[in-house]
1. Determine, from the Cβ-Cβ distance of GLN298 and ASP545 and an R0 of 45 Å, the FRET efficiency 1/(1 + (r/R0)^6), rounded to the nearest 0.05.
2. Using a 1.4 angstrom probe and counting only protein chains, how large is the accessible area of SER129 in Å², to 10?
3. Quick check for you: with a 1.4 Å probe and neighbouring chains kept, what is the accessible area per residue of region 222-320, in Å²?
4. Under the Kirkwood approximation for Rh and a Cα-based Rg, what ratio Rg/Rh is obtained for region 317-379?
5. What's the percent breakdown of Cα-Cα distances in region 403-444 across 5 Å bins, shortest bin first?
6. On alpha carbon coordinates alone, what is the Rg over Rh value for region 470-618, Rh being the Kirkwood radius?
7. Suppose a student asked you for the relative contact order of region 476-544, using Cα pairs under 8 Å spaced at least 6 residues apart; what percent would you report?
8. Could you list, in their original order, any pairs among LYS251/LYS518; LYS477/LYS500; LYS394/LYS441; LYS386/LYS500; LYS127/LYS233 whose Cα atoms are separated by more than 24 Å?
Amino acid sequence: RRLALWPMPVQSCLPKMVKQLGSSISGAFKKWDHKEEGTVPRETMVSLLKGLGFGPDEIDRLLDSYFKRQVADSNGATPSIKYDDFVQWIVSVRANGGSTLLGSAPMTAKPPSKPQKKKFFIGANWKCSLEGPNEVDALVRQLNSLWVSKAGSLDDVELCLYPPYVFLDRVRDQLSAELCVGGQNAWDAAPGFASTGVVTADMLRDVGCSWVLLGHSDRRNVLGESDAYIAEKVAKCFASGLNVNLTIGEKLEDREAGRALDVLVMQLGAAAAGVPSDGWDRVVVAYEPVWAIGEGAQPCSPEETQRVHSALRGWLKEHVSEIAARSCRLVYTGSVNEGNAAQFAQLPDVDGFVVGRAGLDAEKLLSICSTLVERKAPERPQVKPKFWVGANWKCSIQTSQGADALVAQINEAWAQETGTLSDVELCLFPPYAYLDRVRRKLRGQLHVGSQNAWDAKPGFNSTGVISAEMLNSVGCKWVLLGHSDRRNVLLEADGLIAEKMARCLARGLSVNLTIGEKLEERQAGKAIETLLRQLEAGTTGVPADAWSRVAVSYEPVWAIGEGATPCSPEDAQAVHAALRGWVRDHAGDEAARQCRLIYTGSVSAESAAQYARLPDVDGFVVGRAGLDVAKLLSICKTLAAVKAEECAAADKLKGV
């Protein structure tokens with residue numbers, strides 16, 4: 001049954017998983033094969049399938065389809081199942097893309113009622129840390145008291161405690177009804193067989209558990225639980241009505257060998273086989289970087305955490321469904337505490353945490369819950385603000401005839417897309433010599449901006465500079481400040497750029513502030529430090545009500561130019577998330593929503609879609625692509641299409 005529920009796009013993983021699951025299923029059959037003949041009677045198979053939750057009609061259709069070419073022998077003997085053949089039959093039907101009755105078999109257990117709003121999730125795994133009822137009772141009383149004292153401020157958090165088995169019933173009886181209890185593991189013997197020392201999913205439900213923790217590194221790496229085994233438990237727990245908190249994580253040797261995502265996807269893909277298509281709102285996937293756990297271990301950085309979570313959500317979207325990707329909560333469980341929770345809470349693809357030691361201290365645990373709400377609520381809208389595209393011509397157009405020809409082509413192309421590009425704000429940045437000319441010839445809602453601006457000290461005139469007042473007078477709306485050419489070639493300091501930014505905003509111009517780190521800063525691990533220093537300096541003089549007139553462009557200087565290693569979408573998103581988090585921390589939630597974060601790392605018509613889908617990328621500044629109307633229009637249309645998809649997805653989710 002598990003194999004039949006395997007998502008079709010994950011067929012590349014089948015060979016290994018077939019071997020694991022097939023061996024497991026065959027082993028279960030052998031418990032009924034008392035004569036060791038490699039077969040079991042049909043009536044035994046009926047009992048087995050019934051125990052797995054199939055209804056009588058489903059069982060008959062399934063077995064009839066398998067036996068359709070088998071007929072009882074002349075003596076009337078009952079057909080038997082060769083279970084190795086039966087396993088291969090399931091696999092071959094599914095692997096070849098066929099429709100099997102197994103794949104459509106519904107779970108018979110009624111799932112818990114679905115929440116009206118997706119809450120953030122916090123799990124407190126007590127492991128074996130509390131060993132007596134007095135300790136347990138004291139912690140539960142303190143949690144109840146503190147939760148009540150928050151008086152509704154934590155309504156957006158779903159908090160679940162995972163006590164040891166012997167205290168499950170005790171904790172559920174005393175804990176506030178607003179909080180959840182879960183089992184640290186679950187296991188089921190084969191139908192009809194009792195097993196010593198295990199706790200079943202049905203038992204957990206019976207004592208009031210709503211969650212179960214499966215796949216923890218203690219179970220995978222110490223007790224040797226395989227992906228296939230965990231996948232079976234996921235399916236059984238779902239069938240019993242439990243919600244599943246699945247933990248996945250790579251070890252140090254996997255990370256060092258560059259296999260981290262391969263391992264994570266294999267673990268997630270195996271478990272996904274046991275999740276009903278409409279059950280992903282009952283799944284929490286916890287990423288646990290095993291190499292970052294424990295004293296002396298190197299912690300997993302927020303940037304790397306975001307990259308992993310973004311990749312996992314992308315996998316769900318591609319291989320399961322978009323609804324699954326949005327419904328499933330991704331939480332981080334890498335030694336989170338009250339001191340570092342804020343760094344991880346601000347990441348766009350982190351929906352909560354599972355904590356260990358911090359979960360044994362009621363005040364620390366509630367502090368983490370509050371931090372999560374503060375960083376996530378009010379969340380930025382699912383649908384992005386209007387996208388922004390800047391075309392920086394630099395000095396590439398060197399004649400007025402060339403400027404006229406390019407503007408004419410842009411006018412014509414934009415007019416033909418009437419209405420389809422209404423969600424894109426396009427601004428051209430021609431050389432100073434053509435600013436007035438381009439502004440007079442440009443049509444429609446297109447804007448013109450300057451590649452720089454500078455003002456002499458009051459009372460002094462300066463040669464060869466352009467002032468903010470001049471730019472206003474020729475109809476410029478935007479000005480480009482802090483570009484790498486200005487910072488690294490002409491050596492403009494953060495302080496000078498900050499002065500120019502304040503001057504331009506005061507004169508009514510909108511500002512595109514460019515920031516970026518050089519290769520040596522990236523290699524020294526100072527990328528974020530450099531970017532935040534530039535951002536802080538540049539935005540010091542931004543009025544509270546002016547953030548809608550600010551676009552911050554991230555330009556990874558090390559990734560620009562021929563032969564350079566491109567900045568991956570994952571790296572771009574991690575940087576943009578950190579930048580938005582800084583704006584939120586230092587200027588407030590409204591500033592973080594209003595300020596547009598732009599990526600400007602050699603974006604092309606071919607790569608635009610990858611970056612446009614990143615949650616914290618609100619547009620692009622392009623160079624060479626801005627001189628080719630077809631490519632520029634393609635990039636704008638890609639942005640508009642992404643915007644439309646997000647609107648449609650948001651509407652669909654409202655319906656769900």
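The values are calculated or read from the model by the stated rules, or taken from the named source; none is laboratory data. Everything numeric here is computed off the predicted structure, so don't read it as measured data. Don't worry about glycine lacking a Cβ; one is built from the backbone with ideal geometry, like all the others, and counts go over all protein chains shown. Keep in mind that these areas ignore ligands, DNA and RNA; they rest on the heavy atoms of the full protein, side chains included. Shrake-Rupley method; radii C 1.70, N 1.55, O 1.52, S 1.80 Å.
1. Numbers: r = 43 Å, r/R0 = 0.95.
Given R0 = 45 Å and the Cβ-Cβ separation, E is 0.60.
2. Spelled out: SER129, probe radius 1.4 Å, area about 60 Å².
3. Values: 3490 Å² over 99 residues.
Per residue, region 222-320 has 35 Å² of solvent-accessible surface.
4. Details: Rg = 13.0 Å, Rh = 12.5 Å.
My calculation of the ratio gives 1.04.
5. Spelled out per bin, shortest first, that is 5, 21, 32, 22, 14, 5, 0.
6. Values: Rg = 14.9 Å, Rh = 15.7 Å.
Ratio value, two decimals: 0.95.
7. Numbers: 71 pairs, mean separation 27.4, N = 69.
Value for region 476-544: 40 percent.
8. On the way: LYS251/LYS518 31 Å; LYS477/LYS500 15 Å; LYS394/LYS441 19 Å; LYS386/LYS500 26 Å; LYS127/LYS233 19 Å.
Violating the 24 Å limit, Cα to Cα: LYS251/LYS518; LYS386/LYS500.
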